[in-house]
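Remarks on the structure that follows.
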Amino acid sequence: MLRGTLLGNKVLVEKGYEDIYWKGWYGEVVNHRLELDLIEGIFLAEREKLKIESSGRILSLPELFDTACSLDEKFPVKFLVYKDLRNRGLPVRMGVEGVDFFVYERGTKPGRKKPVSWIVFAYSENDYCDLDELERTVKLGKGVRAKVVWAIVDGDNDITYYIVDVKKDL
């Protein structure tokens, strides 16, 4: 089992990470070590592929979850969506600039990158959303030529996916 060190909202893996990077496309290799987002790290810890330590002590899943929630109040919703997408066999990359996740076609691997297929935004059914937010996400999708997907997590932790697009004039 791999060992990683918690550093802020990242998990750093120094050695033995090649398989999970090349086969599962988790994290990014930076300066000869694997940098995982905390979502990726906790997902791998939950699957018993990674132990995460801090101050020389292995952290339990509840401790990791509490840490992640203290860093990002939307963590539970994002984690559920990430986990669901990964369990569906999709290559998921962590988003940037307001996008929660970039999702690629099945089979996409590092080094053989294909264009992003979907940009995914994770929301709770209780989140407030206005038309400006809707427009912003559609513009981001158009900018990267990807479908915009809103993943809505309900009170039972069920996820409904909506493709968001602009209706063209007839």
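The values are calculated or read from the model by the stated rules, or taken from the named source; none is laboratory data. Just so it is clear, the structure is predicted and the values come from calculations on it, not from any experiment. As a convention, Cβ positions derive from the backbone with ideal geometry for all residues, glycine included, and neighbour counts pool all protein chains shown.
Below is a table of values for the structure above.
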read-out	value
Any hit, region 50-67, residues being surrounded by 15 or more Cβ atoms within 10 Å (Cβ to Cβ), within 27 Å of residue 149 (Cα to Cα) and in contact (Cβ under 8 Å) with a residue 12 or more places away in the chain	yes
Test result for residue 50, aliphatic (A, V, I, L, M) and within 17 Å of the chain's Cα centre (by Cα)	yes
Residue satisfying condition, being in contact with a strand residue (DSSP E or B) (Cβ under 8 Å, 6 or more places away or on another chain), among the hydrophobic types (A, V, I, L, M, F, W, C) and within 23 Å of residue 115 (Cβ to Cβ), within set 77, 11, 81	81
Residue, nearest to residue 35 (Cα to Cα), within region 46-100, restricted to residues that are polar (S, T, N, Q) and part of a loop (DSSP other than H, G, I, E, B)	55
Hey, residue 95 surrounded by 14 or more Cβ atoms within 10 Å (Cβ to Cβ) and not assigned by TED's automatic domain parsing to the domain that holds residue 143 or not	no
First in region 1-22 and within 18 Å of residue 109 (Cβ to Cβ), second anywhere and part of a loop (DSSP other than H, G, I, E, B) and of a type in the set (Ser, Thr, Tyr), Cβ under 9 Å, 6 or more apart	17/26; 20/26
Test: residue in region 78-89 that is surrounded by 15 or more Cβ atoms within 10 Å (Cβ to Cβ) and of a type in the set (S, T, N, Q)	no
Residue in region 127-170 that is nearest to residue 107 (Cα to Cα), counting only those that are touching a residue at least 24 places away in the same chain (Cβ under 8 Å) and among the polar types (S, T, N, Q)	137
Scope region 131-170; condition part of a helix (DSSP H, G or I) and either touching a His at 6+ places or on another chain (Cβ under 7 Å) or at positive phi (or both); matching residues	none
Residue satisfying all of: in region 106-125; out of contact with any helix residue (DSSP H, G or I) (no Cβ under 9 Å at 6 or more places or on another chain) and modelled with pLDDT of 90 or more; farthest from residue 22 (Cα to Cα) among these	125
Which numbered condition residue 109 misses (of (1) among the charged types (D, E, K, R); (2) without any contact (Cβ under 8 Å) to a residue 12 or more places away in the chain; (3) part of a loop (DSSP other than H, G, I, E, B))	(2)
Yes/no for residue 109 being surrounded by 12 or more Cβ atoms within 10 Å (Cβ to Cβ) and within 12 Å of residue 151 (Cβ to Cβ)	no
Selection within region 20-33 - of a type in the set (A, V, I, L, M) and in a strand (DSSP E or B)	29, 30
Some residue of region 51-60 being under 28 Å from residue 160 (Cβ atoms) and in contact with a helix residue (DSSP H, G or I) (Cβ under 9 Å, 6 or more places away or on another chain)	no
Per-region count, region 34-45, residues touching a residue at least 40 places away in the same chain (Cβ under 8 Å) and in a helix (DSSP H, G or I)	4
